[in-house]
1. Is one or more of the residues making up region 99-120 touching a strand residue (DSSP E or B) at 6+ places or on another chain (Cβ under 6 Å), free of Cβ contacts under 8 Å to residues at least 60 places away in the same chain and not basic (Lys, Arg)?
2. List the helices (runs of 4 or more DSSP H) that sit entirely inside region 1-65 and contain at least 3 residues that are of a type in the set (Asp, Glu) and modelled with pLDDT of 85 or more.
3. Take Ala27 and tell me if it is out of contact with any strand residue (DSSP E or B) (no Cβ under 9 Å at 6 or more places or on another chain), under 21 Å from Met87 (Cα atoms) and among the aliphatic types (A, V, I, L, M).
4. Out of (1) part of a helix (DSSP H, G or I); (2) touching a residue at least 24 places away in the same chain (Cβ under 8 Å); (3) assigned by the TED database to the domain that holds Arg14; (4) of a type in the set (Gly, Ala, Ser), what's the single condition that is false for Ala94?
5. Against the definition (small (Gly, Ala, Ser), surrounded by fewer than 13 Cβ atoms within 10 Å (Cβ to Cβ), on the phi > 0 side of the Ramachandran plot and at pLDDT 95 or above), how does Gly104 come out, yes or no?
6. Just for region 117-140: of the residues that are aliphatic (A, V, I, L, M) and part of a loop (DSSP other than H, G, I, E, B), which one is surrounded by the fewest Cβ atoms within 10 Å (Cβ to Cβ)?
7. Could you please find all residues in region 107-123 being modelled with pLDDT of 90 or more and not hydroxyl-bearing (Ser, Thr, Tyr)?
Amino acid sequence: MTVEITQLTSEELRIMRTAFNIFDRNADNQIDQAEFGTLIRAIGFNASNHEIDEILRKFDKNKDGVIDFQEFISMAKHFEGCGRDEMEQNLRQAFRVFDRDGNGYISADELRYVVTSFGEVLSNEEAEELIAMFDKNNDGQLEYEEFVTWAKSSLAEYLKSL
């Protein structure tokens, strides 16, 4: 499936360009083999180097050994929706880890407890600030949808740091 750039809305194009630029670390407007490996692993595929090479060859339509922006768009559209059920399941499982009392909400105390159990230091004030950043209904705790927004934001920040 080939998706043309002209088939995308300006917002879709902006999102695709941002994602492409995250993985195009040397800003040469193409994703080389090493960058492609980072991309494949970042989207959740635990692939060997050989498997990464095979995936790259599949989407490298002009066979130049790199993924250009057009090829990236086609690849992204191909994978769109793949793994959503698994991601949803993982997010629900993570939510249950944070929601220690099982009431359907994550309090600042629960957030602080889980984060500190992983060896990170988080004060009560910091936990409350984190909750407030994503607490859309201002009830002082995170419900599942707010947690998903937080998780996606954290993932985006992580990918930018790669």
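1. So far as region 99-120 goes, yes, one or more of its residues are touching a strand residue (DSSP E or B) at 6+ places or on another chain (Cβ under 6 Å), free of Cβ contacts under 8 Å to residues at least 60 places away in the same chain and not basic (Lys, Arg).
2. Correct list: 49-59.
3. No; evaluated as a whole, the condition is false for this residue.
4. Looking at each condition in turn, Ala94 falls short on (3).
5. Considered against the rule, which asks whether it is small (Gly, Ala, Ser), surrounded by fewer than 13 Cβ atoms within 10 Å (Cβ to Cβ), on the phi > 0 side of the Ramachandran plot and at pLDDT 95 or above, Gly104 comes out as yes.
6. Residue satisfying both the conditions and the ranking: Val121.
7. Ala108, Asp109, Glu110, Leu111, Arg112
The values are calculated or read from the model by the stated rules, or taken from the named source; none is laboratory data. A quick note: this is a predicted structure, and the numbers were derived from the prediction, not measured. Cβ sites come from the backbone with ideal geometry, for glycine too, and all protein chains shown count toward neighbours.
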